[in-house]
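Student: The structure's right below; bear with me while I get my questions together.
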Amino acid sequence: MTIPKELLENLEKRREEARFAGGEKKIAARHAKGLMTARERVEALCQENTFQEMGLFAHHQVHDFGMDKKRMPTDGVVTGVGLVEGKPVAVFSQDFMVGGGALGKMHAGKIAGVMEYALKTGMPVVGFNDSGGARIQEGVGALSGYGQVFYRNVLLSGVVPQIAVIAGPCAGGAAYSPALMDILIMTRKNAAMFITGPEVIKAVTGQSCSAEEIGSAA
């Protein structure tokens, strides 16, 4: 059976959209700050041409709060399996350029799925965390998603290694999962990890602080 050329062209267009999530301007701005994209982090970790992506076309199913008009390629997280020094590793990398890397139901499902695969096959998990926390537009869907991830953190504990790389701001729920993993690595200048951010602290207590003061690697 011959696949129509139009369908193949549409498929490749969708792949390109997913691979360059955030768009050229956001990617350029990120590079100007000396930061890598979510996909670049995965490519830097894995051996060349070994990463096999899972859930490339995943997308949220939310229609409230204007979400039906928001395109979120890969639903804000790159997941899959690749080789590191010849050994298979399960990887997820949150994309801050897509919705601030916030976690929703589909986003969580992708992370939980790759962790489940790691559990079944006995391979380590490496997660690049760069997220503003729960995607509040999804409400309990996002919270239940975090539950799925935390549950798998516990299932994997003592069975396969879990390595968390804090590569950006990780607020609220985004700080819990890394804390449940075995090894925690933070980048020197741009990483921060906290339950409550500076803005909320100031609003509640009146005290001013920076993300670096309350959650940096220092």
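The values are calculated or read from the model by the stated rules, or taken from the named source; none is laboratory data. Note that the structure is predicted; figures quoted are calculated from it, not measured. Methodologically, a virtual Cβ is constructed for each residue, glycine included, from the backbone with ideal geometry; neighbour enumeration extends over all protein chains shown.
Student: Within region 60-77, does at least one residue satisfy the condition of being in a strand (DSSP E or B), within 19 Å of the chain's Cα centre (by Cα), modelled with pLDDT of 80 or more and crowded, with 20+ Cβ neighbours inside 10 Å?
Tutor: yes
For (1) farther than 18 Å from GLN162 by Cα; (2) in contact with a Leu (Cβ under 9 Å, 6 or more places away or on another chain); (3) in a strand (DSSP E or B); (4) touching a residue at least 60 places away in the same chain (Cβ under 8 Å), each residue gets a yes or a no:
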{"residue": "GLY80", "(1), (2), (3), (4)": "no, yes, yes, no"}
{"residue": "PHE92", "(1), (2), (3), (4)": "no, no, yes, no"}
{"residue": "GLY109", "(1), (2), (3), (4)": "no, no, no, no"}
{"residue": "ALA112", "(1), (2), (3), (4)": "no, no, no, no"}
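Student: A further question follows. Of the numbered conditions (1) assigned to a helix (DSSP H, G or I); (2) over 11 Å from the mean Cα position of the chain (by Cα), GLY100 satisfies every one except a single condition; which is it?
Tutor: Going through the list (1) assigned to a helix (DSSP H, G or I); (2) over 11 Å from the mean Cα position of the chain (by Cα), GLY100 breaks only (2).
Student: Let me ask something else about it. Name the one entry in ALA164, ALA171 that is touching a helix residue (DSSP H, G or I) at 6+ places or on another chain (Cβ under 7 Å) and small (Gly, Ala, Ser). Write out each step before concluding.
Tutor: Working: ALA171 fails: touching a helix residue (DSSP H, G or I) at 6+ places or on another chain (Cβ under 7 Å).
Exactly one residue qualifies, and that residue is ALA164.
Student: Mind telling me which of the residues GLY147, GLY173, GLY141 ends up being over 27 Å from MET36 (Cα atoms), touching a residue at least 60 places away in the same chain (Cβ under 8 Å) and assigned to a helix (DSSP H, G or I)?
Tutor: Every option except GLY141 fails the conditions.
Matching residues to (1) at pLDDT below 95; (2) under 23 Å from ALA21 (Cα atoms); (3) in contact with a Ser or Thr (Cβ under 9 Å, 6 or more places away or on another chain); (4) of a type in the set (Gly, Ala, Ser):
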position	(1), (2), (3), (4)
PRO88	no, no, yes, no
ALA108	yes, yes, yes, yes
GLY122	no, no, no, yes
ALA134	yes, yes, no, yes
LEU143	yes, no, no, no
CYS170	yes, yes, yes, no
TYR176	yes, no, no, no
ALA179	yes, no, no, yes
ASP182	no, no, yes, no
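Student: Look through region 120-145, keep the residues that are within 17 Å of the chain's Cα centre (by Cα) and hydroxyl-bearing (Ser, Thr, Tyr), and return whichever of them is surrounded by the most Cβ atoms within 10 Å (Cβ to Cβ).
Tutor: SER131
Student: Next up: Can you tell me which residue is farthest from the chain's Cα centre (by Cα) among those in region 182-214 that are outside any helix (DSSP H, G or I) and of a type in the set (Ser, Thr, Tyr)?
Tutor: Taking the candidates together, the pick is SER208.
Student: Conditions first: (1) among the aliphatic types (A, V, I, L, M); (2) part of a helix (DSSP H, G or I); (3) farther than 30 Å from ILE163 by Cβ. ILE3 passes all but one, so which condition is the exception?
Tutor: (2)
Student: Turning to a different aspect of this structure: I'm trying to understand the selection: among the residues of region 150-170, which are buried (at least 21 other Cβ atoms within 10 Å of the Cβ) and either of a type in the set (Ser, Thr, Tyr) or in a helix (DSSP H, G or I) (or both)?
Tutor: Hits for region 150-170 are ARG152, ASN153, LEU156.
Student: What are the residues in region 27-59 that are part of a helix (DSSP H, G or I) and closer than 13 Å to GLY99 by Cβ, if any?
Tutor: ALA38
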